[in-house]
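These notes concern the structure reproduced below.
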Amino acid sequence: MKGFEIVFIPLIVGIIAQTTKFILFSIKNGIKWNYFLTHGHMPSFHSAVAASLVTTIGFFEGIDTGVFAISVVFALVIIDDALRVRMYLGDQGRYLNMLIETLNLDQNKYPRLKEHVGHRISEVAVGIIYGLLLTILLLFILGLLSNTVS
């Protein structure tokens, strides 16, 4: 049963984080269903899932195991990607959009690119906290946390 929960809990956390992001976006901008699967904004889905996976593996396997160390390394790679790599992608989109506008190119032939692809530090931090707290809550709801606390 342990292997199932190690995968199940981070997936549920990811769904909750993405749903939260969609609700927050819809409150500000109205409901746009295609936004449910988009990247960026608060909270970071990737950071929430990575934090949840690290927490879940640490809980079930222990923090002194190789698999926990690997999960921490992968979480750092995912968080770095969410912060820096995709932010650069958004910068490139912004510059290409400005170039297309400046050169008066056909907008139908060169459609506007997304400019907000990555995350701000606050969005990643909230994603990490969200992932950690939701994982603890799910462990408690599933009755797994109470067995180790008592």
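The values are calculated or read from the model by the stated rules, or taken from the named source; none is laboratory data. Given the structure is predicted, the values throughout are model-derived calculations rather than measurements. Virtual Cβ from ideal backbone geometry, glycine too; neighbours counted across all protein chains shown.
Structure values in brief
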| read-out | value |
| --- | --- |
| Condition met for Gly127 (surrounded by 17 or more Cβ atoms within 10 Å (Cβ to Cβ), under 20 Å from Met42 (Cβ atoms) and touching a Phe, Trp or Tyr at 6+ places or on another chain (Cβ under 8 Å)) | yes |
| Unmet requirement for Thr56, which otherwise passes all of (1) part of a helix (DSSP H, G or I); (2) closer than 15 Å to Gly14 by Cβ; (3) out of contact with any Pro (no Cβ under 9 Å at 6 or more places or on another chain) | (3) |
| Filtered residues of the range 34-53 (kept if in a loop (DSSP other than H, G, I, E, B), on the phi < 0 side of the Ramachandran plot and in contact with a helix residue (DSSP H, G or I) (Cβ under 6 Å, 6 or more places away or on another chain)) | Met42, Pro43, Ser44 |
| Odd one out for Asp80 among (1) within 12 Å of the chain's Cα centre (by Cα); (2) modelled with pLDDT of 85 or more; (3) surrounded by 13 or more Cβ atoms within 10 Å (Cβ to Cβ); (4) more than 14 Å from Leu53 (Cβ to Cβ) | (3) |
| Residue list for the range 2-37, restricted to those being over 15 Å from the mean Cα position of the chain (by Cα) and within 16 Å of Leu53 (Cα to Cα) | Lys2, Gly3, Phe4, Glu5, Ile6, Val7, Phe8 |
| Breaking point among (1) in a loop (DSSP other than H, G, I, E, B); (2) at pLDDT 85 or above; (3) under 30 Å from Thr135 (Cβ atoms), for His119 | (2) |
| Condition met for Ile6 (closer than 18 Å to Ile136 by Cα and among the aliphatic types (A, V, I, L, M)) | yes |
| Residue in the range 75-98 that is hydroxyl-bearing (Ser, Thr, Tyr), in a helix (DSSP H, G or I) and in contact (Cβ under 8 Å) with a residue 24 or more places away in the chain present | yes |
| Where a residue in the range 43-68 is in contact (Cβ under 8 Å) with a residue 12 or more places away in the chain and its partner, wherever it lies, is among the acidic types (Asp, Glu) and not in a loop (DSSP other than H, G, I, E, B), with Cβ under 8 Å and at least six apart | Pro43/Glu123; Ser44/Glu123; His46/Asp81; Ser47/Glu123; Thr56/Glu5; Phe60/Glu5; Phe68/Glu61 |
| Ile70 of a type outside the set (Lys, Arg), over 16 Å from Met42 (Cα atoms) and assigned to a helix (DSSP H, G or I) | yes |
